[in-house]
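Chemist: Have a look at this one.
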Amino acid sequence: MTSPDATETAICARGITRDFKAGQSVIRVLHGIDTDIRSGEMTYVVGESGSGKTTLISIMCGILWPTDGEVKVFGTDIYSLSDTELVNFRLQNIGFIFQQYNLIPSIDAASNAAVPLIAQGMPLEPARAKATELLEKLNIGDQANKLPNQLSGGQQQRVAIARALVHEPRLVVCDEPTAALDANSGRRVMDLLREVAVAPGRACIIVTHDNRIFDLADRILVLEDGRITHDGTDMPDDH
Amino acid sequence: MLWIAIRMLTGDAMKFYGLLFGIAFSTLLITQQLTIYYSLIERGASGVYNAPEAEIWVMDPVSRTTEVNYAMPATALDAVRSVEGVEWAVPHLRAPASVRTSTGDLEGVTIVGVDDATLIGLPERMLVASKDILAQPDTVVIDDTGITNMFEDGQDPIGERLELNDQRAVIRGVADSIPSFTSQVTLYTKYSQALNYVPGSRNRLTFVLVGISDGEQLADVVDRIEAQTGLKAETRDDFAQAGVQFIIENTGIPTNFGITVLLGFIVGVAIVGLTFSLFIRDNIKQFGALKAIGVTNWSIVKMVTAQAALVGSIGYALGVVGTVLFIYGFSGVPTFKGFFIPWEIPLVSLGAVIIILAMTGWLGLRSVMRTEPAAVFR
């Protein structure tokens, strides 16, 4: 494992291609993507629906095999790992924030946030205590014992953020984190995410098409028809 | 992770109770029906169990059970008594008869004639009067289940006069006996008296009940009786089994109960399978998220197994307790007299529950295993 470095390459993707079968035909969703994601940055992957952005981050974080190409996450060629090694790699190194949060409805906020620690083998109470500390940092410590359906959308999103960060991963992947939130809540969540998820030695990738939050990005990759058409600190003028 | 699995299950109260109901109902149906089946066919051996002193039953070679018998010459008794190893041998008569009650009703009964001197052949316990009451003239003792068949509710049978083969009989006692398979009324009387109550024929000795001498082996004495007398001899256990086997072979009971037990199993599979697959489907996103986060398939298998084990153990316990309460609750009803749950039956239903949960759990797991972690991003 490499030592944390604010500017190290977190993800090195080379020649990423992904095909999907649709009946008799094969659809190529990604066309030989080459890109690097750096630590200490908040990188947005932006594009229209069907442009391949979700497929790209799924491959980058080790949950979808590419048809061709190589992905190194912090120097590890993740698709050369065995299934078990890859699952364990994700558990140790990657935090996920899903669009629909995917919180477990029957356990409270602290337990939901503690899931990665429990999965790593930490006993329940210490895991909950550590998760509660993080919830307090996210200003919802007083909601730690509430079930997800007793929380607002913004609060649930914070629980999801806590779940993504509680095990101190080196890569945080967010899928449309503001899609289910109003403008103000979305802005607050992104400010918060920037505050807690972006850190030296940690990379943060966000898939979004919410133009209200583009100004918070350190870097924006624009995907069109499975190809990166823009790589810069701002959105291109024609978008 | 197992704690999370249990909370996922119990947190969805409707499905959790649905699963419990499915398992409990299935267990109840299987356990209760097997118990009734077992207890019912055991009644095919009630005639044997009601004469506990007899170690060997001797009969005409064509006789099959206590109810399906063919009378022997009276000399068979002496022939059996002369066999080495026979400590005692007494006559025993079992024959059908029709009885006319004081109200004029006609009832089919079984007359059991027991040894005049020793009263061997009577059930072990009496509910009303003592066994000595048979010494009084024209006395019959009725079995307790027979009272409900022959008399109206609350009517005291003691002192009731009956007409048997133009002879007077007076009920003077009630025996605590195991009902026969048909629950037909049984009247016990002395052998010499029974000869008068049963329409005359040349041979009327249906069985010889035998006790063996100390130090003798049952099988040896059985062989000797058969070799020396040409009669059929069976140990108590073998003859009891013959009665049970006769019911199994000659009635549709095994098939009917088998169908009910199968239905219980199918209902269990249907309810539990449907509810469990709904539960898995509702939680598929959560399972997918867990897989994406880094929970291994093996951990998911353990989670689903823990959920199935929890539902199975509680549902099974409820089903067995329900059966116990059913049998206990109906123990006072003559129809269910003597019914009990042999330890093997809960084991059988436990096996059925395990199969139900393994089948439905496997179906649920398949969909979880097939779920790609990437599906959570779609």
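Read-outs throughout are calculated quantities, based only on the coordinates presented, and are distinct from any laboratory measurement. Bear in mind the structure is a predicted one, so any value in this text is a computation, not a measurement. Here the Cβ positions follow ideal geometry from the backbone for every residue, glycine too, while neighbour counts run over all protein chains shown.
Chemist: Residue by residue through the range A:89-114, note down the ones that are more than 10 Å from every other protein chain (Cβ to nearest Cβ) and in contact with a His (Cβ under 9 Å, 6 or more places away or on another chain).
Modeler: Within the range A:89-114, none qualify.
Chemist: Now for a separate question. When the range B:314-350 is examined, which residues are found to be of a type outside the set (S, T, N, Q) and outside any helix (DSSP H, G or I)?
Modeler: If the condition is that a residue be of a type outside the set (S, T, N, Q) and outside any helix (DSSP H, G or I), then B:330, B:332, B:333, B:337, B:338, B:339, B:340, B:341, B:342, B:343 are the ones that fit.
Chemist: May I pose another question? Run residue B:110 past the list (1) part of a strand (DSSP E or B); (2) over 28 Å from the mean Cα position of the chain (by Cα); (3) not aliphatic (A, V, I, L, M) and report the number of the one that doesn't hold.
Modeler: Going through (1) part of a strand (DSSP E or B); (2) over 28 Å from the mean Cα position of the chain (by Cα); (3) not aliphatic (A, V, I, L, M) one by one, residue B:110 breaks only (2).
Chemist: Here is a follow-up. For residue A:47, only one of the following conditions fails: (1) touching a residue at least 40 places away in the same chain (Cβ under 8 Å); (2) surrounded by fewer than 18 Cβ atoms within 10 Å (Cβ to Cβ); (3) more than 10 Å from chain B (Cβ to nearest Cβ). What is its number?
Modeler: Unmet for residue A:47, out of (1) touching a residue at least 40 places away in the same chain (Cβ under 8 Å); (2) surrounded by fewer than 18 Cβ atoms within 10 Å (Cβ to Cβ); (3) more than 10 Å from chain B (Cβ to nearest Cβ): (2).
Chemist: Of the residues that make up the range A:199-219, is at least one among the β-branched types (Val, Ile, Thr) and closer than 25 Å to residue A:130 by Cβ?
Modeler: Yes, the range A:199-219 has at least one match.
Chemist: Spot the failing condition for residue B:304; the list is (1) crowded, with 18+ Cβ neighbours inside 10 Å; (2) within 14 Å of chain A (Cβ to nearest Cβ); (3) within 30 Å of residue A:81 (Cα to Cα), and only one is missed.
Modeler: If we test residue B:304 against (1) crowded, with 18+ Cβ neighbours inside 10 Å; (2) within 14 Å of chain A (Cβ to nearest Cβ); (3) within 30 Å of residue A:81 (Cα to Cα), just (2) comes out false.
Chemist: Right, next: Pick out the one residue from B:317, B:242, B:270 that is in contact with a Ser or Thr (Cβ under 9 Å, 6 or more places away or on another chain), surrounded by fewer than 18 Cβ atoms within 10 Å (Cβ to Cβ) and over 30 Å from residue A:85 (Cβ atoms).
Modeler: None of the others qualify; the one that does is B:317.
Chemist: Among residues belonging to the range A:155-200 that are under 23 Å from residue A:56 (Cα atoms), charged (D, E, K, R) and assigned to a helix (DSSP H, G or I), point out the one that is farthest from the other protein chains (Cβ to nearest Cβ).
Modeler: Ranking the candidates gives A:194 first.
Chemist: Taking only the range A:161-189 into account, find how many residues are closer than 12 Å to residue A:138 by Cα and crowded, with 20+ Cβ neighbours inside 10 Å.
Modeler: 6
Chemist: A follow-up question, please. Any idea how many residues of the range B:43-85 are under 24 Å from residue B:215 (Cβ atoms), of a type outside the set (A, V, I, L, M) and touching an Asp or Glu at 6+ places or on another chain (Cβ under 8 Å)?
Modeler: The total comes to 3.
Chemist: Look at residue A:55 and say whether it is closer than 20 Å to residue A:203 by Cα and within 14 Å of another protein chain (Cβ to nearest Cβ).
Modeler: Spelling it out, residue A:55 is indeed closer than 20 Å to residue A:203 by Cα and within 14 Å of another protein chain (Cβ to nearest Cβ).
Chemist: From the list A:86, A:81, A:64, A:117, pick out the single residue that is surrounded by fewer than 23 Cβ atoms within 10 Å (Cβ to Cβ) and at the interface with another protein chain (Cβ under 8 Å from one of its Cβ atoms).
Modeler: Testing whether each residue is surrounded by fewer than 23 Cβ atoms within 10 Å (Cβ to Cβ) and at the interface with another protein chain (Cβ under 8 Å from one of its Cβ atoms) leaves just A:64.
Chemist: Still on this structure: Select, from B:276, B:287, the only residue that is out of contact with any strand residue (DSSP E or B) (no Cβ under 8 Å at 6 or more places or on another chain), within 14 Å of another protein chain (Cβ to nearest Cβ) and crowded, with 23+ Cβ neighbours inside 10 Å.
Modeler: Unique residue meeting the criteria: B:287.
Chemist: Okay, next question. Any chance the range B:34-41 includes a residue that's touching a residue at least 12 places away in the same chain (Cβ under 8 Å), among the hydrophobic types (A, V, I, L, M, F, W, C) and within 14 Å of chain A (Cβ to nearest Cβ)?
Modeler: no
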